[in-house]
Amino acid sequence: MRTSQYLLATQKETPAEAEVISHQLMLRAGMVRKLASGLYNWLPTGLRVVNKVAAIVRDEMNKAGAIEVSMPVVQPADLWVESGRWEDYGPELLRVKDRHQRDFVLGPTHEEVITNLVKNEVSSYKQLPLNLYQIQTKFRDEVRPRFGIMRSREFIMKDAYSFHIDAQSLDDTYQIMHQAYCNIFERIGLAYRPVIADSGSIGGAVSHEFHVLADSGEDDIAHSDNSDYAANVELAEALAVGEEQTPSETLEVIDTPNLKTINALVEARGLDIKKSVKTLIVKADEHSEHEFIALILRGDHSLNEIKAEKLALVASPLQMADETAVKATLGCGFGSLGPVKLDMPIIVDRSAERVVDFVCGANTDEQHYTGANWQRDVGEYEVADLRNVVAGDPSPDGKGSLSISKGIEVGHIFQLGDKYSKAMNCGVLTESGKHDVLQMGCYGIGVTRIVAAAIEQNNDKFGIIWPESIAPFSVVIIPMNMHKSHRIMEAAENLYKQLQDAGIEVLFDDRKERPGVMFNDMELIGIPNSIVIGERNLDNQQVEFKNRKSGEKTLLTISEVLNHIQ
Ligand code: ATP
Ligand code: MG
Ligand code: MG
Ligand code: MG
């Protein structure tokens, strides 16, 4: 690409309306222009970066076994009425009418549309699991659009939705997608952190967010200085809200609890287990407890109705002395359940008899827990109560203490369970010929937000420093006073052709500008490598190769340049 034929659109002044560095630099580097509040034009340089991010996301989705589709931005309101979100979603949902006065929405997310699609296209368990994704424009009427495209009203999201016959299959895909997200952020080259999240209005139980740690982030992340533990402090609010809304009934289940006894009890007491039970106390004997807990934690279909907020275990201490033992017991009873999912906080009755240092079952083959005792050990997915947490508090996993950092949420994955499939009656015929609603997962990533987050982490006083993976161009050729020197023009044109032929994304600054102007612009845009062609070095058949990040300059012959870049 020649700058003379391109829309570079750089600007010197820092725009007054831009609060954060990424927004300032995106405007100055000519990446975006505001059209209206929360609505941005993507200029050529910006769009190249968006496309790079999208390509990495697409590649990792395909590798994870997800299949690309495309759904309309405009969605009929009927589907939202069916799911219940026409009522629940609030003013972020932009509602519009067509010429026949029929209601539509501009899609802020696509659970409804995909559930409707899968309901119509998939009829047998043999077609599952299925994971579908799109990379597409979303609209949310944000109450406070800000930070440029970081919190805009129209933005690009990759959203994936997976469909399963049971919770185990959902969990398998969830783990694959979790890994795919890690791969994406690693490939882009961002410092990121997966954190335990509140599943919010989308519903469901297990949820992780992926955060890029940066001071401009709007979320508070509590993370251990000595383990992988990290959680969004938003959870605290979620817990507080949950407490207000959940009724206070306590359900005690005594003796060999199983689904039947629980159902019988619920019925006898005229309770709605979802609406009225806050705490479920299990007084189990050692024969039944691990089976029961395993069913709950596994999200066994028939037990999904059990949404008790707390699960208290007053159990035979040998099996249930603490969280470690719960996990161990699971491993013992159900062999290959994989990482244990805790849907609710587990409260252990610590007055029960103490047992220390016992060996218990394996979560993975040959991986026995030893030394299980009263030591608190919070499961990977356990939701800790982070209300009033301050830096220095002990980490809920018992390892190290907590630091609080600002994070930018760039990705979010959920195990939705049957929230949408049930409301919209999306099911299949199972192997036994019965009709079952599907288990669903959903997985979002903010493609355009990643662009801003990457800049927040990679800049200096001269401008953006793109990670190579998403740079708009790999290299820029900056010829000095080319329009006065035939020799320089020839060398620049030749090099430009060679680099293009080698498939390298090269920008050729062939403007009639002073070298200083070119240097400043290219540093501002943040192209990782530049090649400066000047008279003196050409005498030795050399050019100057400069790395944007390190500032390192190397003299290379033209043939060496190609090897240096590839
Ligand atoms: P936030 O907490 O920042 O409002 P969210 O939790 O509402 O985000 P999700 O519904 O989880 O967002 O959507 C998935 C991803 O889409 C987010 O992780 C984020 O990267 C991106 N995203 C959400 N809202 C916006 C927005 N207004 N502008 C740009 N990207 C967004
Ligand atoms: Mg939001
Ligand atoms: Mg959020
Ligand atoms: Mg989110």
Q. Which order, highest average first, do 550-556, 538-544 follow once you tally other Cβ atoms within 10 Å for each residue and take the mean per peptide?
A. 538-544, 550-556
Q: Could you please report the charge total around ASN116, scoring K, R as +1 and D, E as -1 over all other residues with beta-carbon less than 10 angstrom from its beta-carbon?
A: -4
Q: Within the set of other residues whose C-beta is less than 13 Å from the C-beta of LEU27, count the net charge using Lys and Arg as +1 and Asp and Glu as -1.
A: +1
Q.
Can you list residues from other chains, or at least 5 along the same chain, whose modelled amide H is less than 5 Å from the amide H of HIS211?
A. ARG193, VAL195, VAL410
Q | Gained length - SER70 relative to ALA36, 0.36 nm times residue gap less alpha-carbon distance | A | 9.6 nm
Q. Is region 473-566 best put as rounded, prolate or oblate by its Cα gyration tensor, with a ≥ b ≥ c the root eigenvalues, rounded for a/c under 1.5, and otherwise prolate when a/b is larger than b/c, oblate when not?
A. rounded
Q | Cα gyration tensor, region 38-142 - rounded (a/c under 1.5), prolate or oblate | A | oblate
Q: Report relative contact order for region 138-229 in percent, whole number only (criteria: Cα-Cα under 8 Å, sequence separation at least 6).
A: 15 percent
Q) Highest mean first, what order results for 178-186, 159-167 on Cβ atoms within 10 Å? A) 159-167, 178-186
**Q.** Spin-label pair MET489/ARG511, simplified geometry with 7 Å Cα→Cβ offset, distance in nm
**A.** 1.9 nm
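I'd like the FRET efficiency for GLU19 and ASP460, computed as 1/(1 + (r/R0)^6) with the beta carbon distance as r and R0 of 22 Å, rounded to 0.05. List each step's numbers first, then the result.
On the way: r = 19 Å, r/R0 = 0.86.
For GLU19 and ASP460, the calculated efficiency is 0.70.
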Q) Can you list, bin by bin at 5 Å, the percent of alpha carbon pairs in region 437-494, starting at 0? A) 4, 13, 14, 12, 9, 11, 11, 9, 5, 3, 2, 2, 2, 1, 0
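Once the other residues with Cβ under 9 Å from the Cβ of SER83 are scored (Lys, Arg +1; Asp, Glu -1), what is the net sum?
After counting each charged neighbour, the total is -2.
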Q) Is region 98-176 best put as rounded, prolate or oblate by its Cα gyration tensor, with a ≥ b ≥ c the root eigenvalues, rounded for a/c under 1.5, and otherwise prolate when a/b is larger than b/c, oblate when not? A) oblate
Q. Could the peptides 123-132, 467-476 be put in order, highest first, of the mean number of other beta-carbon atoms found within 10 Å of their residues?
A. 467-476, 123-132
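Readers should treat all values here as calculations from the given coordinates under stated rules, not as data from a laboratory. Quick caveat: nothing in here was measured; it's all calculated off a predicted structure. With ideal geometry, Cβ positions are generated from the backbone for all residues, glycine too; neighbour counts draw on all protein chains shown.
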